[in-house]
1. Given H placed 1.01 Å from N in the peptide plane, which residues other than close sequence neighbours of ASP45 have an amide H under 5 Å from its amide H?
2. Given 4 °C and 1.567 mPa s, how large is the Stokes-Einstein diffusion coefficient of the chain in µm²/s, with Rh as the Kirkwood radius over Cα pairs?
3. Just how many % of Cα pairs in region 57-129 lie over 19 Å apart, if you round to the nearest whole percent?
4. By counting other Cβ atoms within 10 Å of each Cβ, how are ILE60, ILE122 ranked from fewest to most?
5. Please order VAL97, VAL104, VAL35 by the number of other Cβ within 10 Å, starting at the fewest.
6. List the pairs from LYS22/LYS78; LYS55/LYS78; LYS67/LYS100 whose alpha-carbon separation is above 28 Å, in the order I gave them.
7. Of the beta bridges DSSP finds with both residues in the chain, what % are antiparallel, to the nearest 5?
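What follows is calculated from the coordinates using simple rules that are stated; it is not laboratory data. Here the structure is a predicted model, which means the values were calculated and not measured. We place every Cβ from the backbone using ideal geometry, glycine too, and count neighbours over all the protein chains shown.
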Amino acid sequence: MLDEGTSWFITCVYGSQTEADKLLFIDELRALQTVTHDAWLLLGDFNLITKASDKNNLNINRRLIGKFRAARDFLALKDIRMDGRRFSWSNAQADPVLTKIDHVFCTADWDALFPDAHLQAITSACSDHAPLFLQGAVSTNRKPSFKFEEFWLRML
């Protein structure tokens, strides 16, 4: 994602766990407006969802969703769509809670630098989060292919 003569900025975050701390975290995100740059990428484990469909059950906090979305909109950030899976985190229980709490957001200027950026969720055997792979440009000349990984059999 290097381009000659261009610079851009990245901020990585890890969001809080409790509701009170999440509200403080959202306020901290809004305060980033004073230090943000035109071409900016904000990513990480926010521990927050942006819509009800980002969780596989109805135990959601609509107030936090609203505040998080308002902060994202205040910062004029676009959510880069994740391919590969619907959720990025699981509590790995028999009846799992699944959520999309890992996000990659960008400004319009960053999006203009990398209009073909592609975000892919990758399978992992060692984390409760799906690793996210962000490419600056995706070649459309290749035919999609499926590759079987032998270690998948050992995960059962």
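1. VAL13, GLY15
2. Numbers: Rh = 17.2 Å.
Value of D from the Cα-based Kirkwood radius: 75 µm²/s.
3. Values: 1278 of 2628 pairs.
Taking all Cα-Cα pairs of region 57-129, the fraction more than 19 Å apart is 49 percent.
4. ILE122, ILE60
5. Starting with the residue having the fewest Cβ neighbours, the order is VAL35, VAL97, VAL104.
6. Details: LYS22/LYS78 20 Å; LYS55/LYS78 20 Å; LYS67/LYS100 16 Å.
As for pairs spanning more than 28 Å Cα to Cα, there are none.
7. 65 percent
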